[in-house]
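Read the structure below first, then the notes.
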Amino acid sequence: MITLETRISTLFDELVPASGKADTVAGEIIRAVSRISYRNSNDGDHVGVGYGKETCNPAARYLMEMAGREVREAVRNMWGIWDDDAYDKAVETLAEKVLAYIDEHPELKTTPNTEDMWDYIDRFEDRDDSEDDGEEDW
């Protein structure tokens with residue numbers, strides 16, 4: 001059985017350039033979900049939490065805008081989750097919803113993309129404010 005990670009990785013290799021935004025909408029969707037997954041597994045960043053606000057929020061907003069209702073719901077459900085186990089499950093659910101959306105809309109693999117997920121940054125909200133809350137660096 002092909003895992004979610006393998007499917008995402010295959011689409012990433014197929015649709016996402018080495019740098020910059022993807023040429024197709026599906027490529028940018030895969031780039032965005034990969035960003036969220038990578039930041040979680042490598043750095044522990046969560047959408048809407050601490051440094052994750054800077055590293056993940058723009059990708060999450062792009063997905064909410066471009067990848068349909070079920071993906072939008074999955075992103076909303078993961079926004080602000082602190083617990084690592086719960087967030088890991090939310091990232092997996094998001095990946096499932098993204099893959100289902102691309103499967104349902106294969107034309108997105110050839111639909112030209114004009115936006116970059118980083119266009120969805122909110123300069124006021126997407127900043128790590130954990131120090132403002134009195135948290136200290138480890």
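Per-structure values
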{"read-out": "Selection within the range 74-88 - surrounded by fewer than 13 Cβ atoms within 10 Å (Cβ to Cβ) and acidic (Asp, Glu)", "value": "Asp83, Asp84, Asp85"}
{"read-out": "Any hit, the range 9-16, residues being more than 22 Å from Glu125 (Cα to Cα), small (Gly, Ala, Ser) and at pLDDT 95 or above", "value": "no"}
{"read-out": "One residue from Met1, Met64 being over 11 Å from the mean Cα position of the chain (by Cα), outside any strand (DSSP E or B) and either at pLDDT 90 or above or not aromatic (Phe, Trp, Tyr) (or both)", "value": "Met1"}
{"read-out": "Failed criterion for Asp103 (all others in (1) within 15 Å of Ile8 (Cβ to Cβ); (2) surrounded by 14 or more Cβ atoms within 10 Å (Cβ to Cβ) hold)", "value": "(2)"}
{"read-out": "Only listed residue being touching a residue at least 12 places away in the same chain (Cβ under 8 Å), under 14 Å from the mean Cα position of the chain (by Cα) and at positive phi, chosen from Gly52, Gly27, Gly20, Gly44", "value": "Gly44"}
{"read-out": "Condition check for Ala26: under 14 Å from Asp116 (Cβ atoms) and crowded, with 21+ Cβ neighbours inside 10 Å", "value": "no"}
{"read-out": "Hits in the range 75-89 (condition: part of a helix (DSSP H, G or I) and touching a residue at least 24 places away in the same chain (Cβ under 8 Å))", "value": "Val75, Met78, Asp84, Tyr87, Asp88"}
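The values are calculated or read from the model by the stated rules, or taken from the named source; none is laboratory data. Please read all numbers here as calculations on a predicted model, not as lab measurements. Glycine gets a Cβ as well: all are built from the backbone with ideal geometry, and neighbour counts include every protein chain shown.
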